[in-house]
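Heads up, the thing below is written out as structure tokens.
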Amino acid sequence: MAKKLTPETIEAAAQHLENIQSGKTPILKGNGKGPKEESKSTYTTLGTKEKQKVFPLIPPNDPRLLMQIAPFMDDTLEQLGFKDRKDLAKVMYDNMTKYGGLGLAANQLGLPYRMFVMGGHPEIENGKVRYIFNPVINDFSEESVLLKEGCLSFPFLFLPIKRPKWVSVKYTDENGEEIEETLHGMPARIFQHENEHMNGYVFTDLVSKLKLERAEKAKEKMIKEIKRRQDAKKIIH
């Protein structure tokens, strides 16, 4: 889930959009029978010290983002170059902050883990960060709230999403400890947004075609304005 736009997040989002358009961020191609299985080498370097800890967000039409993720198991970490949960948690946090997010799911980076990170904003729970493994929503409020949301996988796209005001959740954290708590307000919204990624859903699935078309037009207008400003800077320099 994305934060409000700032010069830093605009730059990161613009780079992500450019990477997708130029083909620098590869799309995993399917064969019509479901997601294509990747070789182990695709992932083995992601958690190693030799490689940078910040990785590109995969495109929103990549099958890895549109499939349900299997339950997390600790013994799968070593296969992909991670030492333990804390190692993966740090990589996830680094990426979330790099892209200016309030939350980030592992499969948004192409990682096949039922895990996400959320929080870190100083004005939300004093910057509390949660590392969520195998999330479960046990209960939710009947009362719902409509707010605009963004998503790091969809640069510059903001959609009005109605969600329960609170959720009762269960998960294990970066230490393997089981946590049960009730989240309210923005943390509840972020948890729901990221949990949908675990099940292969994206926030564009939650709105009507008309609302999506309106949001796409607003996005294109925003992109044109950003490009205009970038071109103006080039002329000045």
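Here's the yes/no breakdown for (1) small (G, A, S); (2) on the phi < 0 side of the Ramachandran plot; (3) over 21 Å from the mean Cα position of the chain (by Cα):
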| residue | (1), (2), (3) |
| --- | --- |
| T172 | no, yes, no |
| N175 | no, yes, yes |
| E178 | no, yes, yes |
| E181 | no, yes, yes |
| Q192 | no, yes, no |
| G200 | yes, no, no |
| T204 | no, yes, no |
| V207 | no, yes, no |
| I235 | no, yes, yes |
Give me a count of the residues in region 187-237 that are closer than 20 Å to L66 by Cα and of a type in the set (G, A, S).
2
Just a yes or no: is a residue in region 126-144 assigned to a strand (DSSP E or B), in contact with a Pro (Cβ under 8 Å, 6 or more places away or on another chain) and within 18 Å of I69 (Cα to Cα)?
yes
State yes or no: is M222 more than 18 Å from the chain's Cα centre (by Cα) and in contact (Cβ under 8 Å) with a residue 60 or more places away in the chain?
yes
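Here is a yes/no grid of residues against (1) modelled with pLDDT under 95; (2) crowded, with 21+ Cβ neighbours inside 10 Å:
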{"residue": "K51", "(1), (2)": "yes, no"}
{"residue": "D74", "(1), (2)": "no, no"}
{"residue": "D84", "(1), (2)": "no, no"}
{"residue": "L88", "(1), (2)": "no, yes"}
{"residue": "A106", "(1), (2)": "no, yes"}
{"residue": "M115", "(1), (2)": "no, yes"}
Residue set E216, E180; condition without any contact (Cβ under 8 Å) to a residue 60 or more places away in the chain, surrounded by fewer than 21 Cβ atoms within 10 Å (Cβ to Cβ), part of a helix (DSSP H, G or I) and touching a strand residue (DSSP E or B) at 6+ places or on another chain (Cβ under 8 Å); output residue E216
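The values are calculated or read from the model by the stated rules, or taken from the named source; none is laboratory data. Please read all numbers here as calculations on a predicted model, not as lab measurements. Every residue, glycine among them, receives a Cβ derived from its backbone with ideal geometry; neighbour counts consider all protein chains shown.
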